[in-house]
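Everything below concerns the one structure shown next.
The values are calculated or read from the model by the stated rules, or taken from the named source; none is laboratory data. What you see is a predicted model, and the numbers here were worked out from it, not measured in a lab. Cβ: placed from backbone, ideal geometry, glycine included. Neighbour counts: every protein chain shown.
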Amino acid sequence: MVQRSLSTNLSKNTALFHALLPLDDSFDLITRDLKLGNTPAYWIGVNGFCKTEILQQIFSDLQDPLYTLDSEIRDLPRYVQSKLGYAQVSLTSSIDTILQNILSGPSVLLVEGFAQAVIIDVRTYPVRSISEPDTERITRGARDGFVETLLFNTNLIRRRVRSPKLTFSICSLGAESRTDVAIAYLADQVNEELLDTLKKKLSQLQITSLTMGSKSLEELLIKKRWWNPLPSIQLTERPDVACSYLCEGHILLIVDNSPAVLLLPGTIFQFTQSPEDYYNNPLTGTYFRMIRFLCIPVSLLLLPVFLLLAAYYPELTVQLQLTPVSDLSPFRLFFYVLAVEFLLDLFKYSAALSSSRVSGALSIVGGLLIGDIAVSLNWASTEVLFYAAVTMLANLSLSSIEFADALRIYRILLVVTTGLWGLPGFLIGLTLVTVSILTTPTFAGFSYFWPLFPFNGPALRSLLFRRPTYKAQPSKVWSRGHVHHTK
């Protein structure tokens, strides 16, 4: 059975950590035998996680005869308080705590004669520079974004919200990864029931590691069925967006090694918002918000409705001047629509995953050449390409990529059911989409359709219209309505 607390014998402690850690086999784990006056000591750290200059200064001071006037250490807490001037220092006797600290970055100093270890937090992580997120770009406004370092992300939030009520509660998840997760909230505005439920849920998670960071945590918090593609929790890489939700009473979940922050609770209308609205004047912001709301039904229904009318009601299509007179059979038109749908998705993802130097040229050349060749080879028609292009533009205008991808899945379902069974198939597909949206689960049973249900008039007006800042400030935190309790 593994010893859970330190011994007063330095040799036993050293042997224990050699058994628990591959100190002799892993090149990045470094150790050092020290003499603090006449008292032996042993230091353990991770190469690359420690600030070498600070450690050298600490070791130099502790081993300086003029600095350490006592030849032997008799009281370790007092010795640390009086001799170790570095700010981030603590004492612990727990083996598990020591292991977690070593593997997280802080180094450990073991001293002969004491059943406590000195934790010296001189860690530093390899980080990328703070820049604007590619997926949430705006024309003007703040250009900073979250990065993969937890402390940097909390600093970006603290810089904007300097309230004494702002609290960052930290925990570790994953039996192997021990990933740090911070819960950020304003103590005087947070929903206490939601906060308690979240802390309880996190403490009960039995997982090996958070493989994909915040996305893995999202799937662990809300277990959805395969027929619920809509996102249940909003993710953002923008500190200004996260802080605006924080001030409205939301809870932020910040996962180490992930630049995306989770916002709780989540509603469907969060995925229709964009920070661009608030960096424009109210009239312009409202106009673009209305355009974005209009793009949702266009992205979902334009292609299925075109297929329904052109394939099964050609006379009505010609009368409405939606397409020219065509002798295409319903099956051939259905094939065209499906082929173009998948072709446009191929363009989108190939451009998104390719180098930025060629992505623009790839999308333009692909759209011009392949579209023209597809029409020439009778693999598509110009009217199908037109409606598919409008659909894609409407889909790309949505601020949330996850929400736009869910609409794409719904649209493909509608295209398939409409192409196979006509109007009954379109109605069946629309019913299935409605059921999928209505059954989308949320965390802790909060309403996914707030402020429509439960109805909240002032919140709904703020949602639909970009109001001036002096009118948009809520007099109190919005009550989002707890619909049902979940286990």
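Here are some notes:
- Test result for K471, modelled with pLDDT under 90 and in a loop (DSSP other than H, G, I, E, B): no
- For first residues located in the stretch 48-73 and not assigned by TED's automatic domain parsing to the domain that holds P106, partners that are modelled with pLDDT of 80 or more and outside any loop (DSSP other than H, G, I, E, B) and lie 6+ apart or on another chain with Cβ distances below 9 Å do not occur.
- Check on S258, touching a strand residue (DSSP E or B) at 6+ places or on another chain (Cβ under 7 Å), within 16 Å of G174 (Cα to Cα) and of a type in the set (S, T, Y): no
This table checks each residue for (1) loosely packed, with under 14 Cβ neighbours inside 10 Å; (2) more than 16 Å from G105 (Cβ to Cβ); (3) polar (S, T, N, Q).
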site: P22; (1), (2), (3): yes, yes, no
site: P40; (1), (2), (3): no, yes, no
site: N47; (1), (2), (3): yes, no, yes
site: C50; (1), (2), (3): no, no, no
site: D64; (1), (2), (3): yes, yes, no
site: V80; (1), (2), (3): no, yes, no
site: G85; (1), (2), (3): yes, yes, no
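- Condition met for R466 (part of a helix (DSSP H, G or I), among the basic types (K, R) and either loosely packed, with under 14 Cβ neighbours inside 10 Å or modelled with pLDDT under 90 (or both)): no
- The listed residue being surrounded by fewer than 16 Cβ atoms within 10 Å (Cβ to Cβ), among the basic types (K, R) and over 24 Å from Q88 (Cβ atoms), out of R158, R143: R143
Results for (1) outside the structural domain of D240 (by TED's automatic domain parsing); (2) in a loop (DSSP other than H, G, I, E, B); (3) at pLDDT 85 or above; (4) over 25 Å from L99 (Cβ atoms), shown as yes or no for each residue.
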{"position": "R128", "(1), (2), (3), (4)": "yes, yes, no, yes"}
{"position": "F146", "(1), (2), (3), (4)": "no, yes, yes, yes"}
{"position": "T154", "(1), (2), (3), (4)": "no, no, yes, no"}
{"position": "I157", "(1), (2), (3), (4)": "no, no, yes, yes"}
{"position": "P164", "(1), (2), (3), (4)": "no, yes, yes, yes"}
{"position": "T167", "(1), (2), (3), (4)": "no, no, yes, yes"}
{"position": "I170", "(1), (2), (3), (4)": "no, no, yes, no"}
{"position": "E176", "(1), (2), (3), (4)": "no, yes, yes, no"}
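- Here T149 clears all of (1) of a type in the set (V, I, T); (2) surrounded by 15 or more Cβ atoms within 10 Å (Cβ to Cβ); (3) touching a helix residue (DSSP H, G or I) at 6+ places or on another chain (Cβ under 8 Å) except the condition numbered (3).
- Residues satisfying the stated conditions in the stretch 337-347, i.e. at pLDDT below 85 and surrounded by 17 or more Cβ atoms within 10 Å (Cβ to Cβ): V340, L343, L344, F347
- Scope the stretch 198-208; condition surrounded by fewer than 20 Cβ atoms within 10 Å (Cβ to Cβ) and either in contact with a His (Cβ under 6 Å, 6 or more places away or on another chain) or in a helix (DSSP H, G or I) (or both); matching residues: K199, K200, K201, L202, S203, Q204
- The condition (being assigned by TED's automatic domain parsing to the domain that holds I296 and either at pLDDT 95 or above or basic (K, R) (or both)) is satisfied by just one residue among L385, L368, L393, L413: L413.
- When V89, V2, V80 are screened for being within 26 Å of C171 (Cβ to Cβ) and at pLDDT 80 or above, only V89 passes.
- The residues of the stretch 433-462 that are under 28 Å from D196 (Cβ atoms) and among the β-branched types (V, I, T), listed by number, are T439, T440, T442.
- Screening L36 on (1) in contact (Cβ under 8 Å) with a residue 12 or more places away in the chain; (2) over 18 Å from Y79 (Cα atoms); (3) of a type outside the set (D, E, K, R) shows it passes everything except condition (2).
- Residue check for S104: among the polar types (S, T, N, Q), touching a strand residue (DSSP E or B) at 6+ places or on another chain (Cβ under 8 Å), modelled with pLDDT of 90 or more and surrounded by 12 or more Cβ atoms within 10 Å (Cβ to Cβ): no
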